[in-house]
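Please see the structure below; I have some questions.
The values are calculated or read from the model by the stated rules, or taken from the named source; none is laboratory data. As the structure is a prediction and not an experimental result, all values here were calculated from the model. Counting neighbours? That spans all protein chains shown, and the Cβs are built from the backbone with ideal geometry, glycine included.
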Amino acid sequence: MKKQFIKILSLCVLGAATIFVSCDKDEDDEKPEVKTEKRVYILNEGSWGANNSTLDVYYPDGENTYQSKIFASANGQGLGDTGQDLLTYGNRIYVSVWGSNYLAKLDQKGKIVEKYEFSAEEGQPRQLAAKDGFIYVSTYGSKVIKFDTAAIVAPKGSVEVGPHPEEICISGNTLYAAIAGDYTVAYDSTLAVVDLATFSLKDKIVVGLDPTNVVALGDNLYVIHYDTATWAQEILEVNTTAKNSTVFDGGVKMATDGESLYYVKSYTDYSDYPNTKTVTSFAKKDSNASPLDLTATPELSSATVYLFVIDPENGDFYVGTTDYVTNGVIYRFDKDGKFITKFETSGISPNSAAFLK
């Protein structure tokens, strides 16, 4: 979790999971696993410093079965402290664990295939992205580090992008990193632009102060940033050619189906603390209608949303909630926003989901 002791009071929502399903150079040493039923892997962040992150898997087809703590079952040990991000690529699952300071490549059962531990100079791992057989990891060492999926035991390069890079995304042959800045020194307000062909920093785009999340859609980027005076969050639409941005709404989480941008609006009133009140709604850019029908789930209107992703195959929405104390809850809606089901996860604060079939 980013800037934990400050932003947990703001019930901030971090780290949108970036989901990739693509062809992997690592086809399991010429013996790829046989993929059967569709799976949704869910990473539960846990509590900072409590060493209680967990990994679950949900089977959305058939009987909607759910398996808890698959990493612990497969490896005989817990995932570690503060699971940060998760993605699937090829037949593998990749997870970054910020507090325990490592990147792991897992098989479909959650068993470690390979693991890389980051040095103090490299910094703790944050968010993940993937393209053309490589995994990219932002780190609090001011870097984006590149790994070959064939063997993640050693990096294939790194590039300095700025202090405390958060979410990263890839559009075409360019990687963008939200540079939040080291809050103990100064907040940043830029997107780092990395050319993947040369794996070098080629530009910086000034956006809003303390950017944390970035999503690519069409010719534009969408960035969530904080107003550090009020801790309110805004979504910016960024034109990468003109290098300018405009605010179109407040928002704490974003997701895209490749055609439209969906986002979560949320506000928590602390004026009568500890009796707080949260108001949450869901929106679609350029639409006045809510994309989700909350008739069957009115509790979402006052929930703190920690996970918001869209299944790239069928457009289903997955919404994860947290109270930072008890196990999270995942709500599933179809592409038309109709409620399908909900279920409890095995840990606190589900923050990422990744799809595999």
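Let's see how each residue does on (1) within 24 Å of Ala354 (Cβ to Cβ); (2) in contact with an Asp or Glu (Cβ under 6 Å, 6 or more places away or on another chain); (3) surrounded by 24 or more Cβ atoms within 10 Å (Cβ to Cβ):
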{"position": "Lys131", "(1), (2), (3)": "yes, no, no"}
{"position": "Thr139", "(1), (2), (3)": "yes, yes, yes"}
{"position": "Lys146", "(1), (2), (3)": "yes, no, no"}
{"position": "Ile152", "(1), (2), (3)": "yes, yes, no"}
{"position": "Glu167", "(1), (2), (3)": "yes, no, yes"}
{"position": "Thr174", "(1), (2), (3)": "yes, no, no"}
{"position": "Ala180", "(1), (2), (3)": "yes, yes, yes"}
{"position": "Thr184", "(1), (2), (3)": "no, no, no"}
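Ala192: surrounded by fewer than 13 Cβ atoms within 10 Å (Cβ to Cβ) and within 17 Å of His164 (Cβ to Cβ), yes or no?
Taking the combined requirement at face value, the residue does not satisfy it.
Considering the range 219-231 alone, what residues qualify as being surrounded by 14 or more Cβ atoms within 10 Å (Cβ to Cβ) and assigned to a strand (DSSP E or B)?
Across the range 219-231, the qualifying residues are Asn220, Leu221, Tyr222, Val223, Ile224, His225, Tyr226.
Return yes or no: is Asp85 touching a residue at least 12 places away in the same chain (Cβ under 8 Å), in contact with a Phe, Trp or Tyr (Cβ under 9 Å, 6 or more places away or on another chain) and under 25 Å from Tyr331 (Cβ atoms)? Please lay out each step first, then the result.
Details: touching a residue at least 12 places away in the same chain (Cβ under 8 Å): yes; in contact with a Phe, Trp or Tyr (Cβ under 9 Å, 6 or more places away or on another chain): yes; under 25 Å from Tyr331 (Cβ atoms): yes.
Yes: the conditions hold for Asp85.
Oh, and also: Within the range 215-248, how many residues turn out to be on the phi > 0 side of the Ramachandran plot and either among the acidic types (Asp, Glu) or in contact with a Cys (Cβ under 9 Å, 6 or more places away or on another chain) (or both)?
Final tally of qualifying residues: 1.
Evaluate the range 232-244: report whether one residue or more is over 28 Å from Tyr187 (Cα atoms), surrounded by fewer than 21 Cβ atoms within 10 Å (Cβ to Cβ) and polar (S, T, N, Q).
no
Within the range 18-49, track down each residue that is modelled with pLDDT of 95 or more, buried (at least 20 other Cβ atoms within 10 Å of the Cβ) and assigned to a loop (DSSP other than H, G, I, E, B).
Glu45, Gly46
So, in the range 332-357, of the ones that are surrounded by fewer than 24 Cβ atoms within 10 Å (Cβ to Cβ) and of a type in the set (Ser, Thr, Tyr), which residue ends up nearest to Tyr59 (Cα to Cα)?
Filtering the range 332-357 for residues surrounded by fewer than 24 Cβ atoms within 10 Å (Cβ to Cβ) gives 332, 334-344, 346, 348, 355-357.
This time we only want the ones that are of a type in the set (Ser, Thr, Tyr), so: 341, 346.
Working: Thr341: 12, Ser346: 15 Å.
Restricting to residues being surrounded by fewer than 24 Cβ atoms within 10 Å (Cβ to Cβ) and of a type in the set (Ser, Thr, Tyr), the top hit is Thr341.
Going through the range 283-319 one residue at a time, which ones are assigned to a strand (DSSP E or B) and under 23 Å from Ile348 (Cα atoms)? Break it down stepwise before answering.
In the first step, residues of the range 283-319 are kept if they are assigned to a strand (DSSP E or B); the result is 283-284, 304-310, 317-319.
Within the range 283-319, Thr304, Val305, Tyr306, Leu307, Phe308, Val309, Ile310, Phe317, Tyr318, Val319 meet the criteria.
Of all residues being among the small types (Gly, Ala, Ser) and buried (at least 19 other Cβ atoms within 10 Å of the Cβ) in the range 84-129, which is farthest from Val194 (Cα to Cα)? Just the residue, please.
Once the filter is applied, the top-ranked residue is Gly110.
Just checking, which of Thr280, Thr212, Thr198 is modelled with pLDDT of 95 or more, in a loop (DSSP other than H, G, I, E, B) and among the β-branched types (Val, Ile, Thr)?
Checking each option against the conditions leaves just Thr198.
Rundown of residues vs (1) out of contact with any Lys or Arg (no Cβ under 9 Å at 6 or more places or on another chain); (2) farther than 30 Å from Glu37 by Cα, yes/no style:
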{"site": "Gly250", "(1), (2)": "no, yes"}
{"site": "Asp269", "(1), (2)": "no, yes"}
{"site": "Pro274", "(1), (2)": "yes, yes"}
{"site": "Lys277", "(1), (2)": "yes, yes"}
{"site": "Leu292", "(1), (2)": "no, no"}
{"site": "Pro298", "(1), (2)": "yes, yes"}
{"site": "Asp316", "(1), (2)": "no, no"}
{"site": "Val329", "(1), (2)": "no, no"}
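Specify the residue that is surrounded by the fewest Cβ atoms within 10 Å (Cβ to Cβ); the eligible residues are those in the range 50-83 that are of a type outside the set (Phe, Trp, Tyr) and assigned to a strand (DSSP E or B).
That would be Gln67.
Restricting the range 252-275 to residues that are in contact (Cβ under 8 Å) with a residue 60 or more places away in the chain and assigned to a loop (DSSP other than H, G, I, E, B), which is farthest from Glu237 (Cα to Cα)?
Of everything passing the filter in the range 252-275, Tyr270 is farthest from Glu237 (Cα to Cα).
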